[in-house]
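Here is the structure we will look at.
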Amino acid sequence: MARGGGLGSPYMRTSHKPDNVPSQGSRPGHALKALIHDYLEDLEINGSSALTARRYSAYLTTFVNWLAFRTTTPADALTASDVTDELLREYRLFLARRRDPRSGRPVGPGTRNLYVIVLRNLLRYCRRRRIAAPDPDETLDLAKERDIEIRHLGRDEVDRIRDAVDLSKTSGLRDRALIEVLFGTAIRVSELAGLTIRQVDLGQRAAQVVGKGGRSRLILFTEEAAAWLGRYLASRTDDHPALFVNGRRLQLRALSVRQMQRVVEQNSLRAGLPFRVSPHWFRHSRLTELAQHAGVQVAQRIAGHTSVATTSRYLHVSDPHLRDLFDRADEASRKYPK
């Protein structure tokens, strides 16, 4: 059985020996993999989703593998004492020099910071347990991120992707409904992959989803999204609970995040768009429209952001819109001076 987590724990597994009792041939100290395992389970106990914990596990696995290579120590033999200030500096340099295996381009500062933030939190967890570890606030600074424009789609581009779906195919109706729901609700693709039919009320054009941090929120469907989803659900003759499914009737499975990504990628290519489109672009596009036409507070509630500052980025996507707001504010101040 995994440490503290039952038979199904997905994280780095360790022996049952206490942290300070090394197995034969290992070195004394708190086993690093055991600490990571306990930290990830602690995340779930305190309300983080299993998906978040798995992502953190992947980030920390990268660090463990790098540390094992750098110190010429087997990964299973690493302990907390192997993590030093100097090695953390070298790890940041390693992240800065990494390149995306697909594009060959350097990994952006935002992605690098994800790895650093998770490692920071692990070190803080160690220090809370009174395990000697470097101070993450002193040794793990975040890379500076440029204020880049949020990638989103114009209405004409969304229409081209919609129209590119081949409705004559068996999966055509499902794929069109999927694209309509992604754009019409601003839902995250990970949230959509976990959504069930019972969570959706088409009459109210609404659904209850569980987002980041296990927070539940209401999402709304546009009339078009609700209509296409209704057509898709009416065409189904199975009793699978998932909102979107894949496979034959006797082997149906919930459509995965990766499969949803493929639907978007394939239809954006078929539409002739000169760039790679991900499901998140639909979310950005809807939130941009909401922020500009309904206000940041409305967009914040739909997005599920905890901070209005995060949502306010969507107001700065469109320079023409920003200019319009600027001019209207100037006109109002001249008309109604205080």
Notebook entry, point to check: Taking segment 70-93 as the search range and keeping residues that are open to solvent by 70 Å² or more (accessible area, probe 1.4 Å) and either under 25 Å from the mean Cα position of the chain (by Cα) or acidic (Asp, Glu) (or both), which one is farthest from residue 135 (Cα to Cα)?
Noted result: 76
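Quick check: anything in segment 165-172 open to solvent by 60 Å² or more (accessible area, probe 1.4 Å) and closer than 29 Å to residue 291 by Cα? Reasoning before the result, please.
Here is the first cut: in segment 165-172, the residues open to solvent by 60 Å² or more (accessible area, probe 1.4 Å) are 166-170.
Subset that is closer than 29 Å to residue 291 by Cα: none.
No: zero hits.
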Checklist line | Search result, residues across segment 152-174 that are β-branched (Val, Ile, Thr) and without any contact (Cβ under 8 Å) to a residue 24 or more places away in the chain | finding: 170
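Is it the case that residue 177 is touching a residue at least 40 places away in the same chain (Cβ under 8 Å), out of contact with any Phe, Trp or Tyr (no Cβ under 7 Å at 6 or more places or on another chain), surrounded by 15 or more Cβ atoms within 10 Å (Cβ to Cβ) and not charged (D, E, K, R)? Let's see the steps before the verdict.
Values: touching a residue at least 40 places away in the same chain (Cβ under 8 Å): yes; out of contact with any Phe, Trp or Tyr (no Cβ under 7 Å at 6 or more places or on another chain): no; surrounded by 15 or more Cβ atoms within 10 Å (Cβ to Cβ): yes; not charged (D, E, K, R): yes.
So residue 177 fails the test.
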Check: Mind checking which residues of segment 212-222 are within 19 Å of residue 290 (Cα to Cα), at pLDDT below 90 and either open to solvent by less than 60 Å² (accessible area, probe 1.4 Å) or part of a loop (DSSP other than H, G, I, E, B) (or both)?
Finding: 217, 219, 222
Next item on the list: Could you tell me whether segment 273-293 includes any residue that is loosely packed, with under 13 Cβ neighbours inside 10 Å, at pLDDT 85 or above and small (Gly, Ala, Ser)?
Entry: no
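Determine whether segment 34-42 contains at least one residue that is surrounded by fewer than 18 Cβ atoms within 10 Å (Cβ to Cβ) and either at pLDDT 90 or above or more than 14 Å from residue 82 (Cβ to Cβ) (or both). Break it down into steps so the answer makes sense when it comes.
At the first step, the residues of segment 34-42 found to be surrounded by fewer than 18 Cβ atoms within 10 Å (Cβ to Cβ) are 42.
With the extra rule that they be either at pLDDT 90 or above or more than 14 Å from residue 82 (Cβ to Cβ) (or both), the set shrinks to 42.
Yes, because at least one residue in segment 34-42 is surrounded by fewer than 18 Cβ atoms within 10 Å (Cβ to Cβ) and either at pLDDT 90 or above or more than 14 Å from residue 82 (Cβ to Cβ) (or both).
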Next item on the list: Among the candidates 114, 122, 51, single out the residue that is in contact (Cβ under 8 Å) with a residue 60 or more places away in the chain and within 30 Å of residue 288 (Cα to Cα).
Entry: 51
Notebook entry, point to check: When you scan segment 54-69, how many residues do you find that are touching a residue at least 40 places away in the same chain (Cβ under 8 Å), within 18 Å of residue 134 (Cα to Cα) and not aliphatic (A, V, I, L, M)?
Noted result: 1
Item checked: Residue count for segment 146-169, restricted to those that are modelled with pLDDT of 90 or more and among the β-branched types (Val, Ile, Thr) -> 2
Next item on the list: Please indicate, with yes or no, whether at least one residue in segment 45-58 is at pLDDT 90 or above, out of contact with any strand residue (DSSP E or B) (no Cβ under 6 Å at 6 or more places or on another chain) and part of a loop (DSSP other than H, G, I, E, B).
Entry: no
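Confirm whether residue 115 is hydroxyl-bearing (Ser, Thr, Tyr), open to solvent by 30 Å² or more (accessible area, probe 1.4 Å) and modelled with pLDDT of 85 or more. Step through it out loud before you land on a result.
Details: hydroxyl-bearing (Ser, Thr, Tyr): yes; open to solvent by 30 Å² or more (accessible area, probe 1.4 Å): yes; modelled with pLDDT of 85 or more: yes.
Yes; evaluated as a whole, the condition is true for this residue.
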Checklist line | Qualifying positions in segment 223-248 - charged (D, E, K, R) and at pLDDT 95 or above | finding: 231
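The values are calculated or read from the model by the stated rules, or taken from the named source; none is laboratory data. What you see is a predicted model, and the numbers here were worked out from it, not measured in a lab. Using ideal geometry, Cβ is built from the backbone for each residue, glycine included, and neighbour counts are taken over all protein chains shown. These accessible areas exclude ligands, DNA and RNA; they are computed on the full protein's heavy atoms, side chains included. Shrake-Rupley method; radii C 1.70, N 1.55, O 1.52, S 1.80 Å.
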